[in-house]
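Okay, so here's the structure we're looking at.
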Amino acid sequence: MTTTTTADRYCTFRIGAFHFGVDVGRVQEVIRHQAMTRIPLAPPAIRGLINLRGQIVTAVDLRRVLGLPDRADDTLPMNVVVTFDDAAASLLVDEIDDVVTVPPDSCEPPPNNLAPALRQLLQAVHKLPGRLLLALDVDQVLHAVGRPPRHRNGPSDPRTEPTLPSRDRP
């Protein structure tokens, strides 16, 4: 876990009443809701796959990662597409805010009294006028959901393809 962050600019967004941000250097793009294809046997936080102009991207619902209730059925999430290991994943959020530059003296480590599961997802907490900005650690968030696989757009390799349970087995 990182207790301080070198990033001073964050792409910010809301999930419920909470204000979060990710380092702008990790953000590929921010887009409106996209149609998703569900994935069998995926963890609950992985909502599906998105075809982003030919790039297959895994959609991760931050509400589920953070243990918050699902959004209302008539409310569509927004996508913050982040990069990791030369691939991309979409973080599903409620609302997109601005890019915020934070002063260096606003940064504090996540408090020790937070639940350990939440502490490991945060890089830092920034004190801003009228609110706190919770800086997410993208790598830890993706690790918490089993790090989405890199998706290929070519022929499949049977050595790396997941196998589904056989129906012949009891």
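The values are calculated or read from the model by the stated rules, or taken from the named source; none is laboratory data. For clarity, every value in this text was computed on a predicted model and none was experimentally measured. Positions of Cβ are backbone-derived with ideal geometry, glycine not excepted, and every protein chain shown enters the neighbour counts. Just so you know, the surface numbers come from the protein's heavy atoms only, side chains and all, with ligands and any DNA or RNA stripped out. Shrake-Rupley method; radii C 1.70, N 1.55, O 1.52, S 1.80 Å.
Worth a mention:
- Test: residue in the stretch 61-70 that is among the β-branched types (V, I, T) and within 23 Å of Q34 (Cα to Cα): yes
- Of all residues in the stretch 55-64, those satisfying the criterion of being part of a strand (DSSP E or B) and either open to solvent by less than 40 Å² (accessible area, probe 1.4 Å) or basic (K, R) (or both) are V57, T58, A59, V60, D61.
- Among the residues listed as L121, L52, the single one being open to solvent by less than 50 Å² (accessible area, probe 1.4 Å), in contact with a helix residue (DSSP H, G or I) (Cβ under 6 Å, 6 or more places away or on another chain) and modelled with pLDDT of 90 or more: L121
- Test: G67 is open to solvent by 40 Å² or more (accessible area, probe 1.4 Å) and closer than 13 Å to V141 by Cα: yes
- N79 free of Cβ contacts under 8 Å to residues at least 60 places away in the same chain and part of a loop (DSSP other than H, G, I, E, B): no
- Unique residue being assigned to a loop (DSSP other than H, G, I, E, B) and touching a residue at least 60 places away in the same chain (Cβ under 8 Å) when the list is L91, L41: L41
- Against the conditions (1) in contact (Cβ under 8 Å) with a residue 24 or more places away in the chain; (2) open to solvent by 60 Å² or more (accessible area, probe 1.4 Å), V24 satisfies every one except (2).
- Residue count for the stretch 94-123, restricted to those that are without any contact (Cβ under 8 Å) to a residue 60 or more places away in the chain, under 16 Å from the mean Cα position of the chain (by Cα) and in a loop (DSSP other than H, G, I, E, B): 1
- Filter pass, L68 being among the hydrophobic types (A, V, I, L, M, F, W, C), without any contact (Cβ under 8 Å) to a residue 60 or more places away in the chain and under 14 Å from V145 (Cβ atoms): no
- Top-ranked residue of the stretch 44-54 - restricted to ones that are assigned to a loop (DSSP other than H, G, I, E, B) and among the small types (G, A, S), ranked as farthest from V93 (Cα to Cα): G54
- The residues in the stretch 124-146 that are open to solvent by 70 Å² or more (accessible area, probe 1.4 Å) and touching a residue at least 40 places away in the same chain (Cβ under 8 Å) can be counted, and the count is 1.
- Qualifying residue in the stretch 3-21 (condition: open to solvent by 30 Å² or more (accessible area, probe 1.4 Å), more than 16 Å from R131 (Cβ to Cβ) and without any contact (Cβ under 8 Å) to a residue 60 or more places away in the chain): yes
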